[in-house]
Amino acid sequence: MLGFGDYLLVSVILFFVGAIGVIFRRNLIYILMSLEIMLNSINITLIGLARYSRDTNPQVLILFILVVAAVEVAVGLGIAINLMRVKGTVDVDLFKSLKG
Amino acid sequence: MKVIFYVNAFFSLVFALGVLFGKNPLRSALSLLLFFISISLYFFFAGSDYLGFVQIIVYAGGIIVLIAFVIIILGLRRESPDFDISLRSFVGIILLALFALGVLYGMGKSILHFVPQSPYFDTSVAGIGDAIFSRYLLPFEVASILLLVGVVLAFIFAKKEV
């Protein structure tokens, strides 16, 4: 029988995979894609909560997370285009303009 | 049901790893597309058809197109592996693993037996829309303002002279 624990297990594993991508990759595009993986894994937890606590509220929260993810990827890709134009690379280790 | 769920979980894990360890950015974007579709299957499993379709339309139809176009515009080709192999990364991974175990342990102990039985349960479009336009009206308006700010910011960042 499928329970909330199954949703939670899958969600935590996928969140972990996305976080590994954010930490290990240096390409900005890959970091943005890993962030999308992390946000989607959170949605799995919320839909499991909605299913097993019989609640509508997590579904509304999923819609808001979707909005935030869309805005985040739009702004992030705009920054990536601009960095490519100004610096000629998207390797995040090479950006030191804000370093103190 | 459980077998199908875990087969889907296996595929979503494979696609996520394909995004992570891919060398060709465009191929990673396609792997991300399959990952989003497998995520939408969890929504269908939970009986929320509306969110599943929204997931496919917004993520697979919108965000993937955006990412693929940016990869094509930037001309990213197959690169040498760009992993950040250093001490701080491994420290971060160990802390993350502890965090994941802590989440599994803590939430498994507390939430698994907590079943609130909310009176508002409804997975239909009408139920979600009713919740958004009554109890969540202010966050809905804030989300629309956030989208507007995102559009303006993306336009400003991608402009020629900044």
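A few comments on the model shown:
- Helix-only CD estimate at 222 nm, as mean residue ellipticity for the protein assembly as shown, using -39500 (n - 2.57) per DSSP H run (n ≥ 4): -25000 deg cm²/dmol
- Our note on the geometry: Cα centres of the range B:1-62 and the range A:52-100, 19 Å apart.
- Straight-distance candidates among the lysines for linking to A:LYS96, with alpha-carbon spacing under 24 Å and chain neighbours fewer than 8 residues away dropped: A:LYS87, B:LYS159, B:LYS160.
- Spacing of the two label points (7 Å from each Cα toward its C-beta) at A:ARG54 and B:LYS2, in nm: 2.3
- Backbone geometry of the range B:5-21 corresponds, through the Karplus equation with coefficients 6.51, -1.76 and 1.60 at θ = phi - 60°, to 3J(HN,Hα) couplings of 4, 6, 5, 5, 5, 4, 5, 5, 5, 4, 5, 5, 5, x, 5, 5, 9 Hz, x marking Gly and Pro.
- Extension gain, B:TYR105 back to B:ILE72 (0.36 nm per residue minus Cα-Cα distance, nm): 7.6 nm
- At the listed q of 0.22, 0.26 Å⁻¹, the Debye profile of the range B:1-77, built from one uniform point per Cα, gives log10 I(q)/I(0) equal to -0.96, -1.15.
- Segment B:SER89-B:ILE145, extension gain: residue separation times 0.36 nm, minus the distance between their alpha carbons: 16.5 nm
- Three-way shape label, chain B, alpha-carbon gyration tensor, a/c 1.5: oblate
- Within chain B, the longest segment free of exposed loop sites, counting trypsin sites (Lys or Arg not before Pro) that fall outside DSSP classes H, G, I, E and B and have at most 15 other Cβ atoms within 10 Å, spans B:79-134.
- Among the residues of B:95-106, the average count of other protein chain beta-carbon atoms within 10 Å of the residue beta-carbon is 3.
Throughout, read-outs are computed from the coordinates displayed, never taken from laboratory work. Just so we're clear, the structure is a prediction, and the values are computed from it rather than from any experiment. Ideal geometry is used to build each Cβ from the backbone, glycine not excepted, and the neighbour counts take in all protein chains shown.
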